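Asks: Before I ask anything, here is the structure I am working with.
The values are calculated or read from the model by the stated rules, or taken from the named source; none is laboratory data. Given the structure is predicted, the values throughout are model-derived calculations rather than measurements. FYI the Cβ positions are ideal-geometry reconstructions off the backbone, even for glycines, and counts take in every protein chain you see.
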Amino acid sequence: MDSADVQRAVWRMAHEVIEANQGIEDVILIGLQTGGVSMADALAGALNAIASVEVPVGTLDVAFYRDDIGLRPVLPEAVTHIPWSLDGRTVVLCDDVLFTGRTIRAALNALSDYGRPRAVQLAVMIDRGHRELPIRPDYVGKNLPTRRDEVVDVHVDGVDLGEMMR
């Protein structure tokens, strides 16, 4: 995907969020550190342009909620910033790439520390398959089947597919 493809996908997903939630008055976007933060910001910009409503955007670091603590070093990515209660709101978790689903499972656990949302939805730019948990995104920029040893890099200029360093 090039930058125009990414932009079109963000706008399409923004329209889907509005339609699925019958507006965005009770929607909060939470970007997962680090790749999901730019995704949440882009989605918020599109939602604001389409609906003329400023959607709150927070960030969430799930490092301490992962199920692989002890298998690999715990490296907190960045700050969690959720300054509002999530009670009764619709949270749209945003991430750049959905792979095994384990990061999303950790995010769901982490969200419970900030309240009880009415609903949690998932928006990802790339769904690359290989799920290890029963997690499915609600909004997808592109389904990109990959091999397990490939790497997907999402950035403002597009999406790159490469080989994992051995």
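Asks: Of the residues GLY31, GLY58, GLY35, only one is modelled with pLDDT under 95, in contact with a strand residue (DSSP E or B) (Cβ under 6 Å, 6 or more places away or on another chain) and among the small types (Gly, Ala, Ser); which?
Replies: After ruling out the rest, the residue left standing is GLY35.
Asks: Kindly indicate whether ARG128 is over 18 Å from GLY31 (Cα atoms), surrounded by 19 or more Cβ atoms within 10 Å (Cβ to Cβ) and of a type in the set (D, E, K, R).
Replies: yes
Asks: Only one of (1) within 13 Å of the chain's Cα centre (by Cα); (2) farther than 17 Å from LEU86 by Cα; (3) crowded, with 16+ Cβ neighbours inside 10 Å fails for ARG136. Which number is that?
Replies: (3)
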